[in-house]
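Colleague: Dumping the structure here so I can ask a few things about it.
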Amino acid sequence: MGHPNGKVARYSHSVFVAFVSSGKDPSQDERVLLKEQLLFYYIQRSLEGYPGITPFEGMASGVAAIVRHLPAGSPAIFYCIHSLVEKATSLSCSVSSHDSDLWKNWEGELEPSKKVLDLLLRLLALVDIQVLPSLMKLLAQLIVQLPVSGRDMLLNQLYQQIAESDDVIRKPALVSWLQSLLYLSSQDTDKRKPELVGKTASHEIVDSISLNRISARL
């Protein structure tokens, strides 16, 4: 995974994906156990080398294979998601929160973090429904800690993704989750603007109306 040669690194991810995708017979407990044990090493080594040695596309395909082919309740899947959130948080925290233009576009220093966040957002549509609440909770904790300009961009992206979804099973949960995120974001924005404290009540009314409109559109 950590080979300095880019071609070798890409091949190693392809081999991992092929192995995780093989042997779908649920009775093969030993094979599943081996996959889970390998996953911990795979995620650790992949994230240690990112950005830099680890090719993002290879890691993304590996993560997708993990959530698709391991048992839904596997601790390895939760470990994978938690590790990705930690990595995105670490990469984001290393960038100054005062450069609003940088956060609006998520470019330059923020590009590696944005790629991991995009992967996490894609997982909202891939993970099993019983894993979804954990993913939403961890993502929410990450998003609300971001600078306002960066957070707004992600919330807009989330809105588009959920609006375009035709998954009738998870969409109601995602709509409710997005509403909560928008509310928390608006409250945090008010706290960062002391001059607006006296207008909190009116803001809450506007927020409520906005959330209802968003729910109707979604």
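The values are calculated or read from the model by the stated rules, or taken from the named source; none is laboratory data. Note that the structure is a prediction, hence the values are computed from the model and not measured. No Cβ is skipped: glycine too gets one built from the backbone with ideal geometry, and neighbour counts run over all protein chains shown.
Colleague: Checking the structure you have, find out if any residue of the range 33-56 is touching a Gly at 6+ places or on another chain (Cβ under 9 Å), at pLDDT below 85 and of a type outside the set (A, V, I, L, M, F, W, C).
Modeller: No, because not a single residue in the range 33-56 is touching a Gly at 6+ places or on another chain (Cβ under 9 Å), at pLDDT below 85 and of a type outside the set (A, V, I, L, M, F, W, C).
Results for (1) out of contact with any His (no Cβ under 7 Å at 6 or more places or on another chain); (2) modelled with pLDDT of 70 or more; (3) of a type in the set (Gly, Ala, Ser), shown as yes or no for each residue.
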position: 139; (1), (2), (3): yes, yes, no
position: 165; (1), (2), (3): yes, yes, yes
position: 169; (1), (2), (3): yes, yes, no
position: 174; (1), (2), (3): yes, yes, no
position: 179; (1), (2), (3): yes, yes, no
position: 190; (1), (2), (3): no, no, no
position: 200; (1), (2), (3): yes, no, no
position: 203; (1), (2), (3): yes, no, no
position: 212; (1), (2), (3): yes, no, no
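Colleague: Quickly run through the range 163-174 and pick out the residues that are assigned to a helix (DSSP H, G or I) and over 14 Å from the mean Cα position of the chain (by Cα).
Modeller: Hits for the range 163-174 are 163, 164, 171, 172, 173.
Colleague: Pairs needed: first member in the range 82-110, part of a loop (DSSP other than H, G, I, E, B); second member anywhere, modelled with pLDDT of 80 or more and hydrophobic (A, V, I, L, M, F, W, C); C-beta distance under 6 Å; at least 6 residues apart or different chains.
Modeller: 95/110
Colleague: What are the residues in the range 131-157 that are farther than 15 Å from residue 104 by Cβ, hydrophobic (A, V, I, L, M, F, W, C) and not in a helix (DSSP H, G or I), if any?
Modeller: Within the range 131-157, 131, 144 meet the criteria.
Colleague: Please go through the range 61-81 and pick out each residue that is crowded, with 19+ Cβ neighbours inside 10 Å and in a helix (DSSP H, G or I).
Modeller: 62, 63, 65, 66, 67, 76, 77, 80, 81, listed by residue number.
Colleague: Taking the range 108-133 as the region of interest, how many residues are under 16 Å from residue 181 (Cβ atoms) and not aliphatic (A, V, I, L, M)?
Modeller: The qualifying residues number 1.
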